[in-house]
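Student: First the structure, which I've put down as structure tokens, then a few questions once you've had a look.
The values are calculated or read from the model by the stated rules, or taken from the named source; none is laboratory data. Source: prediction; values computed, not measured. Only protein heavy atoms, including side chains, enter the accessible area calculation; ligands, DNA and RNA are left aside. Shrake-Rupley method; radii C 1.70, N 1.55, O 1.52, S 1.80 Å.
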Amino acid sequence: MLPSPPADATRVNLASTVEVNYWCQTLNCTETRLRNAVLAVGPLAADVQAYLQR
């Protein structure tokens, strides 16, 4: 079961543990991969998702 979606579902907020957990589950990735993706492409969820699907 996924946690509640973040307030702004278009951006990945790495400062919030709850949101990091949400995105890790939603995108099926580890926290490290999520953080690396945000560093590489920025916080827009669509860009992060595309990066992780490469």
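Student: Not counting ligands, DNA or RNA, and with a 1.4 Å probe, what is Tyr51's accessible surface area in Å² rounded to the nearest 10?
Tutor: About 70 Å², rounded to the nearest 10.
Student: How many percent of the accessible area of the chain is carbon or sulfur, using a 1.4 Å probe?
Tutor: For the chain, the apolar C and S fraction of the accessible surface comes to 53 percent.
Student: Accessible area per residue, 1.4 Å probe, Å², for the chain: what's the number?
Tutor: 67 Å²
Student: Percentage of Cα-Cα pair distances in the chain greater than 16 Å, rounded to whole percent?
Tutor: Result: 27 percent of Cα pairs exceed 16 Å.
Student: Just by accessible area at a 1.4 angstrom probe, what is the order of Leu34, Leu44 from largest to smallest?
Tutor: Leu44, Leu34
Student: Once you keep just the Cα pairs under 8 angstrom separated by 6 or more residues, what percentage relative contact order results for the chain?
Tutor: 33 percent
Student: Just to be sure I understand: with springs between alpha-carbon atoms less than 10 Å apart, which residue in Leu27, Leu39, Leu14 has the highest mean-square fluctuation in the Gaussian network model of the chain?
Tutor: Maximum among the listed residues: Leu39.
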